[in-house]
Amino acid sequence: MGNGVSGYNRFIYVEIHGRTEKILFSRHSSSRDIQEVIALAAGASSWTGVMLKDKNGGLIAITPNIMTNTTDTPYKVQVVDQRARQGITDNSEMLHTVISQVAEQFNRVFKTEEVKEEISKRINALEKREGLKVVEIERCRKDIHDLRNQLLDNKNHHHAHHDHLHRSSTSGSLSDDRKIGFIQDMPTYPKYILSRETIDYLKKPTFDIWHWEPNEMLSLLEHMYHELGLVHEFNMNPITLKRWLLMVQSNYRNNPFHNFRHCFCVTQMMYGMIHLCRLQNKMSRFDLGLLITACVCHDLDHPGYNNAYQINARTELAIRYNDQSPLENHHAAVCFQILSQPECNIFSNVSEEMFIKIRVGIISLILATDMARHAEILDKFKQNIDHFDWTNEDHITSLKMILIKCCDISNEVRPMDVSDPWLDLLLEEYFNQSDREKAEGLPVAPFMDREKVTKPTAQIGFIKFVLIPLFDSVAKLFPQADAALCESLRQAQHRYEKMKVEEDTRKALLQERKASTTGA
């Protein structure tokens, strides 16, 4: 098949001036690369802004992971004014945009002198903008100077570094630095004005997560940080929060189940439980910030194959983390690698002491999502329920672990039309893994084998022995959770048990027909 070093292995169809065009690109292309190709295809300059919309008018994020479509469902191209597309509302974001564009040119083509005149023009234009401070202009010039020096220092090593990155991204193995890219490649997303109905609905565990496009989910996550007071609590730069969310989104893979929508789903359930249980009145904003951020990051760069596969296949991650929660350790590592970039560090304005507490707290919560630790974490929480002490840090930590565990596996709490598609996607991911395990001669878990598992057999035991005991323990501390959450689980269990009876009846009838046919 070839190694794909120079070939195009991704494509989309777009509609431009009434005609359909096929856009080819590599999975290693940047978002800016793809935007430039689309702009040129539309007869505009490569710096012109473009937007893609689906047949329903929804905005499509232009990323290397954009969903492939067909000639019958082309994305409509809309050429927009660059300044309007960027949506610059303050000088600092405008400055960052300019620096990002210049830096991208430096890093991609290494033609310093060719862009020097363009830089000068942009600086002069910025100086003329009303209200722009001289110190900001000087900072911009300094950033460009530093970028030029960094370019000259690293130029000799560029090709070797590029080859290393390419091998890392195409080898199929997992690495903590595998997917982290330059922030310059990150697109922006539009500012959505949320209706009061949406704001109130977002707080409900029954929220339907299927009606929202990726950009809309980003805006909803951003709203959560503002509404809970986390932006104020951690003194976050709102623009940095946007960049961080974009970088997080780009580091979720397009798996059937463990993808960015799952990240949003888990975070929204946490947001719903915070409001349902009135945790704002019982826990500090600091702890709420740890909960929400851990949910956002809890499955970063998930490969679609679970810990059992990592360990049995002796993958790079399993070896690195000594078979101890390899995926969860990887998710946490990617989380803090993103935060290590100044442009994406939403905690850059906290003290060093507080950052250490943040790091310890988020890592412990992400590690708690490993189902291998389920019994251990639940048993510890149960020991505290009857005498729960809201001033005891150990009790609070135990509760936070239980809460993120609940949210991570909470699909069956939602209405059936919301939860049922998730089960289909989960089984698809399970079947992909079991097929690979069979091909590689590795052990296969019965609940992941497409020849053995069905929807009811997959869910009845899980709801009865995992979900209901878990959520019941939360309901003992928060009685309002029983009607809002536990009752949904009991109804789901009853529904799957009924489905199992119908399934068994069909199988029995089929066997009777086969027996009668054979006897005849």
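Summary value for the stretch 180-288: 39 percent relative contact order, contacts being C-alpha pairs under 8 angstrom separated by 6+ residues. By the Kirkwood approach, averaging reciprocal distances over each pair of separate Cα atoms, the stretch 240-283 gets a hydrodynamic radius of 12.0 Å.
Couplings for the stretch 431-436, taken from phi via the Karplus curve 6.51 cos²θ - 1.76 cosθ + 1.60 with θ = phi - 60°, read 5, 4, 5, 5, 4, 5 Hz in order; Gly and Pro are left as x. For the residue pairs Lys400/Lys438; Lys76/Lys204; Lys282/Lys357, alpha carbon separations beyond 29 Å are given by Lys400/Lys438; Lys76/Lys204. Between Ile16 and Glu21, the built amide H atoms are under 5 Å apart, and every one of these is 5 or more places off in sequence or on another chain.
Less than 5 angstrom separates the built amide H of Val80 from those of Gly49, Val50, Met51, all sequence-distant by 5 or more or on a different chain. In whole percent, what relative contact order does the stretch 422-520 give with Cα contacts below 8 Å and a gap of six or more residues? Relative CO of the stretch 422-520 lands at 21 percent.
Beyond 30 Å between alpha-carbons counts as too far, so tell me which of Lys242/Lys476; Lys476/Lys498; Lys53/Lys203 fall in that bin. Pairs exceeding the cut-off: Lys242/Lys476. Considering only the other residues whose Cβ falls under 15 Å of the Cβ of Ser364, what net charge follows from Lys and Arg at +1 and Asp and Glu at -1? The answer is -1.
Charges were assigned to the Cβ only: +1 to each Lys and Arg, -1 to each Asp and Glu. The resulting dipole of the stretch 252-375 about its Cα centre is roughly 320 debye. Gyration tensor analysis over the Cα atoms of the stretch 391-511 returns equivalent ellipsoid semi-axes of 31, 20, 11 Å (largest first, whole Å).
One quarter of the convex hull surface built on the alpha carbon atoms of the stretch 297-456 amounts to 12.4 nm², the projected area averaged over directions. Per-residue 3J(HN,Hα) values for the stretch 477-493, derived from phi via the Karplus relation 6.51 cos²θ - 1.76 cosθ + 1.60 with θ = phi - 60°, read 8, 10, x, 5, 6, 5, 5, 7, 10, 5, 4, 4, 5, 5, 5, 5, 4 Hz in sequence order (x marks Gly and Pro).
An ellipsoid equivalent to the stretch 355-403, defined through the eigenvalues of its Cα gyration tensor, has semi-axes of 18, 16, 6 Å when rounded to whole angstrom and sorted largest first.
Remark: the Arg253-Ser351 segment gains 32.0 nm on full extension, using 0.36 nm per residue and subtracting the alpha carbon distance.
Every number in this text was worked out from the coordinates using simple rules, so none of it is lab data. Computed from a predicted structure; not experimentally measured. Counting neighbours? That spans all protein chains shown, and the Cβs are built from the backbone with ideal geometry, glycine included.
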